[in-house]
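First the structure, in the form of structure tokens, and then the observations on it.
The values are calculated or read from the model by the stated rules, or taken from the named source; none is laboratory data. Quick caveat: nothing in here was measured; it's all calculated off a predicted structure. All Cβ positions, even for glycine, are placed from backbone atoms using ideal geometry, and neighbour counts span all protein chains on display.
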Amino acid sequence: MDPLTGRPRLATVWLGGCSGCHMSFLDLDERLVDLARLVEVGASPLTDHKDFPGADITLVEGAVANSEHLEHIRAVRARSGVLVSFGDCAVTGNVTAMRNAFGLENVLNCSYRENATVVAGVPEGGAVVPRLLERVRPVHEVVEVDYYLQGCPPPADAIWDLITSLLDGRAPSREGGRFG
Amino acid sequence: MTQEELFEAQEREQQRQAGLENRIYCCTAAGCVSCGSETLRQAIADQIKAQGKEGKVEVCGTGCMGLCSRAPLVRTSSNGMIYGGVTPEDAESLVAAGGPADKRIDPQMPFFVRQHKVVLANSGYVDPERLLDYIACDGYQALAKALSDMTPQEVIAEVKASGLRGRGGAGYPTGLKWELVAKQPAPVRYVVCNGDEGDPGAFMDRSMLEGDPHRVLEGMAIAGYAVGAQQGYIYVRGEYGLAIRRLQAAVKQAERERLLGSHIFENSFGFRIDLRIGAGAFVCGEETALVASIEGRRGNPRQRPPYPPESGLWGKPTLINNVETFANIPDIIRRGSAWFAGIGTAESKGTKVFALAGKIANTGLIEVPMGTSLRSILFEIGGGVPGGAAFKAAQTGGPSGGCIPAEHLDTPVDYESLAAIGSIMGSGGLIVMDESSCMVDVARFFMDFCVDESCGKCVPCRAGTVEMHDVLLRITRGEATEADVAMLEELAVLLREASLCGLGQTAPNPVVSTLRYFRREYEEHMRERRCAAGRCRFESAAQVQGGAQ
Amino acid sequence: MSVKTLEIDGRVCTGVTGQTIFDVAWENRIQIPRICHVGGISDIGACRMCLVEIEGRGRLHAACMTPVEEGMVVRTATERLKRHRRLIVELLLAERNHVCAVCVTNGACELQDLAAELGIEHVRLRYRFPKLGVDTSHERFGLDHNRCLLCTRCVRVCDEVEGAHTFDILGRGANSRVICDQDEPWGESESCTSCGKCVQVCPTGALFAKGRTVAEMRKDRWFLKYIVTAREKRQWIR
């Protein structure tokens, strides 16, 4: 709970995703106003929070694709009451995980050597650029997930249903959920 | 040849052999051949010439004598001795003085004395490439008797009364199966011998085909007479080159003497046997896949019913039995069902051939009455675990079977008792393990085998074995969790209940049985990242963090 | 041709000799989930989705392969069967690369439908991510192995209805894959008649028609019944 307002804290995170799920979240349109009365939105790519102090409900978009995602999702899990895999990338790996079939080395080679137009070579990155993981993983392969929102992106209605169910302490309806 | 000619040939050959000073039997089954026994045999032949003993001393190849751990093996008729670890340098002494005393193997060893040879009776006593050797040992007399003295129904009744059950692993009553086939309306029926022995560690059928092929041919011909078939096929796995050659030669020899072909023993009954060679698929040991393979189609199993006795090869009633099952038939017909039923237990009659492998002193081939205890097989006959190490488990039934721990060593070896403790009789492979075996890795090994050998037709087996193997692999790397093991158990239920054929249905057995008896090992791997056997390498925590897998 | 009366999920149903449990259930509006079965081609009982419980018989039986018998008591939707179906679909989703977001049959895919029906929200198994190719050598159609379920509907429809037998399966187990002729590019096939039946029966987007958008790529499987009824009964039902 947020200490100031007493409302549940809602946070969102995006890992290896396209932010389409967040766009779908914004498709809540007027319901965002209703949502604002029910929760305190904390850390989110849509807000200006730089760190993740904690949340009661966290929506996680995107698959775990690099070392920063891995570190971050573990911290997020530890500091979240309920964690939701938000969208197909988080639930199944989806497009982000398509590189798994080819192998990291081939993908880097193709991107940075074969198709380089200016300077060919895989960037070092140093300490700043996160290292790509050998295997992109859906979120539940890395941390425990409480709920899943399928879809690419999940429809706004499904997002609304899940959040309000959780806030009401009900089980989410799960009707009509499908991949894709 | 007629029945009289058969007896005459037998007597002539027996007298001829009795007239020899010495007959030297040099094992030329695959195990000893791989230890150089062909060179040894040639050396003995050369020595016979060199010592001027032609006509008095003879050398011939022979089948597996069982004590493969002491290969190459040689038996000499002059003194009834068996010698082990024989080299070409010993040829001189073998021909001249009966053999090197320091290489003698005690014929009173429990290994020999505690066995009861029925299907392996000729192994070590006949040259598998010589029909007369087989005839000298009562060969083809059962077939003659069946054709001259018995009706097909009487033959079936004898097999039923004997209590013989399928030796391929399922243990279905053989007589009943024969009866089912014989009852079918069609005029065309087939007899098929399943020689696709595919279990890792199993070499019983191979040894029988290499060491006494005529016995199998005779058994099939008797079956053909009983069920009304004129054509038989022996499906042998392609990897058994030596067995294939011996079988081909045996079929030709039998045909030449009219023991196969048309008008056998001048009876109206005719029976042809042809070979069909496998091409490297374990799944083709499953009877419907085997049928598909013989028909030239992809070796996928199909739904049963209908079962092969009703609709098998080319839709015709087909009798499919294992090599060892057929090998039991001649003796049952010749010596009677009561004799056979007198061996073994109430529900499991007769003997069973086992291939002892792994951490056992006397690696090799044995034949014991059903009902012999595992303890007796492993410690008396098998000679126990070498090096004084502690026995840990015995695996029976290959990838369809289970691991039996020390606490169940007194279990009698029969179909029901083994099933009750979570394993199966299987085809006879018996792999012994000591403390250096990691039971999780053993389960993983057999699951890996199933991954490779799954035909791919049904989803539970094709995809489920892959996922089960992945979990097992990650357990051996210390990367798995309790949730993974729960998934493993759920997948095990799916495969057992939903797979199309026996391969998928029994693929979970090694996992289930090791979880039942060695759960602590699984837990140690997961919770403590420790492998008691010292086999599994665990990645450092840092590597796991990096998500390398 | 005798009539058989049986009970399916507590309902009394009638069928005739030769009909399978699946057929009779379907006629009585009891939809048993299935993948490899499609009316009009032979049944192989491979996917194991249509397994049902039959009273008095210990094992589970494929409804599409089991002829109805008088007095049978069949249950098609017990908890155990639902668990098995769910796990089978999860196995399929994990086995190859089913990325709905970029697939032309997104929204009209039988695998997607099944997953939704069975309430699958996530796959509890680890994805395999195999490296599989796409064959777009044919002028009109494409074959994306990443989406293939190895249901062999395409193999059977091409063999039994079109009579060309362009497709078959090469390899074993998880290495199995659909091939054209002697494992040649589809565009070079000499047996293919470009009839497109395979595309229509394929449950996913593995076989697709080129140049269609997601909205357009809808499959029509009822043509099979039309062809087979015409061929066998000389009746034209459309």
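Kindly check whether there is at least one residue in the range A:54-66 that is surrounded by 15 or more Cβ atoms within 10 Å (Cβ to Cβ), part of a helix (DSSP H, G or I) and in contact (Cβ under 8 Å) with a residue 12 or more places away in the chain. No, the range A:54-66 contains no residue that is surrounded by 15 or more Cβ atoms within 10 Å (Cβ to Cβ), part of a helix (DSSP H, G or I) and in contact (Cβ under 8 Å) with a residue 12 or more places away in the chain. For the range B:171-186, filtering for residues that are in contact (Cβ under 8 Å) with a residue 40 or more places away in the chain, out of contact with any Leu (no Cβ under 7 Å at 6 or more places or on another chain) and at negative phi leaves 4.
Does A:A78 satisfy the criteria of being free of Cβ contacts under 8 Å to residues at least 40 places away in the same chain, within 15 Å of A:V143 (Cβ to Cβ), more than 14 Å from chain C (Cβ to nearest Cβ) and not charged (D, E, K, R)? Yes: the conditions hold for A:A78.
Residue count for the range A:130-180 under the criterion of being part of a loop (DSSP other than H, G, I, E, B) and either within 19 Å of A:A55 (Cα to Cα) or not aromatic (F, W, Y) (or both): the result is 25. Across the range C:95-110, the qualifying residues are those that are closer than 23 Å to C:A62 by Cα and in a helix (DSSP H, G or I), and the one among them that is nearest to the other protein chains (Cβ to nearest Cβ) is C:E95.
In the range B:223-243, the residues that are within 17 Å of B:G166 (Cα to Cα) reach residues that are part of a loop (DSSP other than H, G, I, E, B) with C-beta atoms within less than 8 angstrom, at least six apart or across chains, in these pairs: B:A223/B:A229; B:G224/B:Q230; B:G224/B:F269; B:V227/B:R189; B:V227/B:P317; B:Y235/B:D196; B:Y235/B:G278.
A Cβ distance below 9 Å, combined with a sequence gap of six or more or placement on separate chains, defines the contacts here; from the range C:76-91, residues that are more than 8 Å from chain B (Cβ to nearest Cβ) reach residues that are among the polar types (S, T, N, Q) and in a loop (DSSP other than H, G, I, E, B) in the pairs C:T76/C:Q31.
So if I check each of C:L149, C:L143, C:L125, which one is within 26 Å of C:G211 (Cα to Cα) and assigned to a loop (DSSP other than H, G, I, E, B)? Just one listed residue meets the conditions, C:L149. Does B:D452 meet the test of being farther than 26 Å from C:R85 by Cβ, under 28 Å from the mean Cα position of the chain (by Cα) and within 14 Å of chain C (Cβ to nearest Cβ)? It is true that B:D452 is farther than 26 Å from C:R85 by Cβ, under 28 Å from the mean Cα position of the chain (by Cα) and within 14 Å of chain C (Cβ to nearest Cβ). The lone criterion from (1) more than 30 Å from B:L132 (Cα to Cα); (2) of a type in the set (K, R); (3) outside any helix (DSSP H, G or I) left unmet by B:R167 is number (1). Close Cβ contacts (under 8 Å, 6 or more residues apart or on different chains) running from residues in the range B:113-135 that are closer than 17 Å to B:R334 by Cα to residues that are in a loop (DSSP other than H, G, I, E, B) and of a type in the set (S, T, N, Q) comprise B:K117/B:S123; B:Y134/B:N122. The set of residues from the range C:137-167 being more than 13 Å from chain B (Cβ to nearest Cβ) and in contact with a Pro (Cβ under 9 Å, 6 or more places away or on another chain) comprises C:S137, C:H138, C:H145, C:N146, C:R153. Elements of the type strands (runs of 3 or more DSSP E) sitting completely within the range B:335-423 and holding at least 3 residues that are touching a residue at least 60 places away in the same chain (Cβ under 8 Å) and not polar (S, T, N, Q): these cover B:351-358, B:364-369, B:402-405. Every test in (1) at the interface with another protein chain (Cβ under 8 Å from one of its Cβ atoms); (2) part of a helix (DSSP H, G or I) is passed by B:D484 save one, and that test is (1). Taking the range C:202-238 as the range and being under 28 Å from C:N97 (Cα atoms) and outside any loop (DSSP other than H, G, I, E, B) as the test, the residues that pass are C:L207, C:F208, C:A209. Scanning the range C:60-67 for any residue that is buried (at least 20 other Cβ atoms within 10 Å of the Cβ) and within 9 Å of chain A (Cβ to nearest Cβ) turns up nothing. Among the residues of the range B:244-271, those that are touching a residue at least 40 places away in the same chain (Cβ under 8 Å) and not in a helix (DSSP H, G or I) comprise B:E257, B:R258, B:L259, B:L260, B:N267, B:F269, B:G270, B:F271. Whether any residue in the range C:71-81 is surrounded by 22 or more Cβ atoms within 10 Å (Cβ to Cβ) and not charged (D, E, K, R) is what I want to check. There is at least one residue in the range C:71-81 that is surrounded by 22 or more Cβ atoms within 10 Å (Cβ to Cβ) and not charged (D, E, K, R). Scanning the range A:1-38 for residues that are aliphatic (A, V, I, L, M) and surrounded by 21 or more Cβ atoms within 10 Å (Cβ to Cβ) yields A:L10, A:A11, A:V13, A:L15.
Go through the range C:168-190 and give me each residue that's touching a strand residue (DSSP E or B) at 6+ places or on another chain (Cβ under 8 Å), surrounded by 15 or more Cβ atoms within 10 Å (Cβ to Cβ) and either within 13 Å of chain B (Cβ to nearest Cβ) or polar (S, T, N, Q) (or both). Once the filter is applied, which keeps residues that are touching a strand residue (DSSP E or B) at 6+ places or on another chain (Cβ under 8 Å), surrounded by 15 or more Cβ atoms within 10 Å (Cβ to Cβ) and either within 13 Å of chain B (Cβ to nearest Cβ) or polar (S, T, N, Q) (or both), the range C:168-190 yields C:D168, C:I169, C:S176, C:R177, C:V178, C:I179, C:S189. Within the range B:424-453, restricting attention to residues that are among the acidic types (D, E) and assigned to a helix (DSSP H, G or I), the residue that is farthest from B:G168 (Cα to Cα) is B:D441.
Looking at B:I329, B:I320 in this structure, which one is part of a strand (DSSP E or B) and closer than 17 Å to B:N194 by Cα? So the residue among B:I329, B:I320 that is part of a strand (DSSP E or B) and closer than 17 Å to B:N194 by Cα is B:I320.
I'd like to know if the range B:440-455 contains one or more residues that are of a type in the set (G, A, S) and crowded, with 24+ Cβ neighbours inside 10 Å. Yes, that holds for at least one residue. Looking only at the range A:81-130, residues that are within 14 Å of chain C (Cβ to nearest Cβ) and of a type outside the set (G, A, S) come to 19 in all.
Condition check ((1) under 26 Å from A:T92 (Cβ atoms); (2) not β-branched (V, I, T)) across all residues:
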residue: A:T12; (1), (2): yes, no
residue: A:G17; (1), (2): yes, yes
residue: A:V33; (1), (2): no, no
residue: A:L38; (1), (2): no, yes
residue: A:S44; (1), (2): yes, yes
residue: A:T47; (1), (2): no, no
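Residues that are more than 22 Å from B:D199 (Cβ to Cβ), facing chain C (nearest Cβ under 7 Å) and of a type in the set (A, V, I, L, M, F, W, C) within the range B:455-479 comprise B:V459, B:A463, listed in sequence order.
If the condition is being surrounded by fewer than 21 Cβ atoms within 10 Å (Cβ to Cβ) and within 12 Å of chain C (Cβ to nearest Cβ), then the range A:148-177 contributes A:P172, A:S173, A:R174, A:E175, A:G176. With respect to the conditions (1) at pLDDT below 95; (2) over 15 Å from B:V323 (Cα atoms), B:A170 falls short on a single one, namely (2).
Of all the numbered requirements in (1) assigned to a loop (DSSP other than H, G, I, E, B); (2) at pLDDT below 95; (3) within 36 Å of the chain's Cα centre (by Cα), B:L500 misses one, and that requirement is (2).
Note on the range A:87-119: residues that are in contact with a Pro (Cβ under 7 Å, 6 or more places away or on another chain) and either under 27 Å from A:P155 (Cβ atoms) or not in a helix (DSSP H, G or I) (or both) total 5.
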